[in-house]
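J.: What follows is a structure written as structure tokens; I'll ask about it next.
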Amino acid sequence: MNTISLHLDKIEKSYGQTRVLSGIDLTAKAGEFIALVGPSGCGKSTLLRIAAGLDHPDHGRVLLNGQDVTGKRAADRDMAMVFQSYALYPHLTARQNMALPLAMRRLSVWERLPLIGKITERSRLSHAAIQSEVEHAADILKIKALLDRKPAQMSGGQRQRVALGRALVRHPKAFLMDEPLSNLDAALRVHTRAEIVDLHKRAGVVTLYVTHDQEEALSMADKVAVMIRGQIMQCDTPAHIYNDPAHLDVASFIGSPRINLIHINQKSNPKAQWYDYPLMADTAGLAHSDITMAIRPEHLMVSVEKTPMSLPVTFLRTEFLGSEALIHLLFEGDNTLLIARATPQHALSLTERQKLFVSVPANKILYFDAEGKRLRSNHLSDVRDENHAA
Amino acid sequence: MTTASTHWMRLLRLMILGLGALLMLFPFFFMISTSFKPQSEVFSAGLSLIPQQWAIIANYSKAMTRIPMLQILANGLIVCASIVFFQILFALPCAYALAKLKFKGREFLFGLVLLGLLVPIHAISIPLYTTARYAGLLNTLAILVVPFTLSVFAIFLFRQFIKTIPDDLIMAARTDGLTELAIVWRIILPNAWPSASAFAIFSVVAHWNDLYWPLISVSKMHLATPPLGLLFFRAAEAGDDYGALMAATVLITAPLVLFFLFAQKLFIEGMTMTGLKG
């Protein structure tokens, strides 16, 4: 474990009139794995490039280990980056690809020349050291057999490993990864996820990992930063991001299938009810007229019998996923589509257009105001406690 | 019916192409044939490609000895190699900057490059000549090279190619610790090899055959490039000895043809080897 931290301080960036990043603050403690997740175009790749020194912020600073590196070139920051396209040098073999960053850092201009470079004893030793480090890294990634191939002779997964090797071999101060798994097929992606987490544990280096895939972010990272419209909406542990989102955008971006949203106008429904139905929870304590309730699919309980505080819905169809199933339901009050998670047995026992009822434990409902900010009232505090326990 | 007609079409196509090729190649056949003939036969009436009397040794030894043929070929080699070397040396970093670096005035500079493409050497030969005179460069090998070291065509060609190299590759190189110049020579050049060799073919053919500028700037036999040497040879020795003149022409053309065939092979290999597309 090294002790190098990475801190982004009030980063702002515009391209012409378009504001891409507005005041980003992000702290990655030593050895921490932070996933930057957000829809495409939210500025996460730009932020990563700014951290790498490949792009310059209009305002703000990048601090590496407490030192301001904002003005430093990418070459002088000693961070390693892994790209979605792998960006391997097509004219070099895997071995040469991995050796190049070491050679650029350790050898002088003369020592890098072919033939002449190996004249002195000292340079011969450094060349040999580089080769053995490359072999070692290749060993870890199990790509020794590929070392003498060129990128064109490798599959996508193999190129990905070489790209990881090229980042790993030089023991950088930070790893920056820009959607490194997006070009892999699904099975390989899940497999490589675990390997990247392992590599991170082994190297113990602070890592920023950009992805649009929330599942990847939640499963791999120590902390997840959700970026939307050039801002970090929330940066927290995966469990908190999922169970305790700070903003409606976070709640609806994270989670698959999407969180169920129910809009309520308390003015038109002063009796705290939704159409003709009493609300499943008491919103009287929330002094806002427009409220959005958000409920995770696994918290919607579907039953055939009516219970107090339950909503009548119509069963539409089942999405069978193997270990579980998703039930699509229609609440006819305002044609809201609801999705509930259920066991396959339960789901398959339902028939089309069947009338059903759904209910939700009161402490599982998340409330947001019209701007999307999370509303917390005292009687909801048990949600938070439960999440802390998790 | 259809197969027969396509067969005839194919035959017709081949005949037209063959006729065109024959027409193109005939002057070369005639050149080689003439270089084998004694003087008496060159001026005889009637056209025959195969000489009745062979004068190969006489003609070629005249071509080799009356002018310093080896020196002239060496001059051509030195001049062409230096021109290509410096053209790539200067054009590649320029093209890289124009294609991949962001700076103010980039589009304007690229506009100047395009403008430069429109200016022929003849338009600037007088200022070039006077400059060379004041610099004391007339009648040196250097003056045959210097005006051509900066090729806007090369800049344009390389820029178009470098534009197709993914930005990720260059960003990866930067994070790997490469300076901008190191990126040019270690990453761009090896990948630009096909377009560099294509350009080298253009450049060598143009400058090996160039008579205009050497004629203006050089008047000494020992500095002559191949076409200029040929001119000297005709003026001084072989006013009407066409057999020897054609022998000299063959000697001067042959290296270029050989180079072209060799470079073409390299060029095609380069295209298939790099596999730039992932």
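J.: Right, A:A51: among the hydrophobic types (A, V, I, L, M, F, W, C), within 14 Å of chain B (Cβ to nearest Cβ) and within 21 Å of the chain's Cα centre (by Cα) or not?
T.: yes
J.: Considering only segment B:220-249, how many residues are under 22 Å from the mean Cα position of the chain (by Cα), open to solvent by 20 Å² or more (accessible area, probe 1.4 Å) and in the same structural domain as B:L141 (by TED's automatic domain parsing)?
T.: Qualifying residue count, segment B:220-249: 6.
Conditions tested, residue by residue: (1) of a type in the set (A, V, I, L, M); (2) open to solvent by 50 Å² or more (accessible area, probe 1.4 Å).
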{"residue": "B:Q39", "(1), (2)": "no, yes"}
{"residue": "B:A55", "(1), (2)": "yes, no"}
{"residue": "B:L73", "(1), (2)": "yes, no"}
{"residue": "B:P93", "(1), (2)": "no, no"}
{"residue": "B:A99", "(1), (2)": "yes, no"}
{"residue": "B:F110", "(1), (2)": "no, no"}
{"residue": "B:G116", "(1), (2)": "no, no"}
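J.: Within segment B:223-233, can one find any residue that is of a type in the set (F, W, Y) and at pLDDT 80 or above?
T.: Yes: one or more hits.
Here's the yes/no breakdown for (1) touching a Cys at 6+ places or on another chain (Cβ under 6 Å); (2) of a type outside the set (A, V, I, L, M, F, W, C); (3) in the same structural domain as A:D76 (by TED's automatic domain parsing):
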{"position": "A:G165", "(1), (2), (3)": "no, yes, yes"}
{"position": "A:R170", "(1), (2), (3)": "no, yes, yes"}
{"position": "A:S182", "(1), (2), (3)": "no, yes, yes"}
{"position": "A:R189", "(1), (2), (3)": "no, yes, yes"}
{"position": "A:A194", "(1), (2), (3)": "no, no, yes"}
{"position": "A:H212", "(1), (2), (3)": "no, yes, yes"}
{"position": "A:I228", "(1), (2), (3)": "yes, no, yes"}
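J.: Please return the ranges of helices (runs of 4 or more DSSP H) entirely within segment B:132-182 where 1 or more residues are more than 16 Å from A:R73 (Cβ to Cβ) and either of a type outside the set (A, V, I, L, M, F, W, C) or within 12 Å of another protein chain (Cβ to nearest Cβ) (or both).
T.: Ranges flagged: B:152-163, B:167-175.
J.: Here's a follow-up. Step by step: first the residues of segment A:256-268, then only those that are surrounded by 16 or more Cβ atoms within 10 Å (Cβ to Cβ) and not aliphatic (A, V, I, L, M), then the one that is modelled with the lowest pLDDT. Which residue is that?
T.: If we take residues in segment A:256-268 being surrounded by 16 or more Cβ atoms within 10 Å (Cβ to Cβ) and not aliphatic (A, V, I, L, M), then A:Q266 is modelled with the lowest pLDDT.
J.: When you scan segment A:281-328, how many residues do you find that are assigned to a loop (DSSP other than H, G, I, E, B), open to solvent by less than 20 Å² (accessible area, probe 1.4 Å), at pLDDT 85 or above and in contact with a helix residue (DSSP H, G or I) (Cβ under 8 Å, 6 or more places away or on another chain)?
T.: Here the count works out to 1.
J.: Residues to consider are B:S203, B:S219; find the one that is touching a residue at least 40 places away in the same chain (Cβ under 8 Å) and assigned to a loop (DSSP other than H, G, I, E, B).
T.: B:S219
J.: For B:I126, only one of the following conditions fails: (1) open to solvent by less than 80 Å² (accessible area, probe 1.4 Å); (2) in a helix (DSSP H, G or I). What is its number?
T.: Unmet condition: (1).
J.: Any residue at all in segment A:291-305 that's closer than 12 Å to A:Y367 by Cα and among the small types (G, A, S)?
T.: Yes, some residue in segment A:291-305 is closer than 12 Å to A:Y367 by Cα and among the small types (G, A, S).
The values are calculated or read from the model by the stated rules, or taken from the named source; none is laboratory data. Keep in mind that what you see is a predicted model, and the values were worked out from it rather than measured. We place every Cβ from the backbone using ideal geometry, glycine too, and count neighbours over all the protein chains shown. With ligands, DNA and RNA removed, areas are computed over all heavy atoms of the protein, side chains included. Shrake-Rupley method; radii C 1.70, N 1.55, O 1.52, S 1.80 Å.
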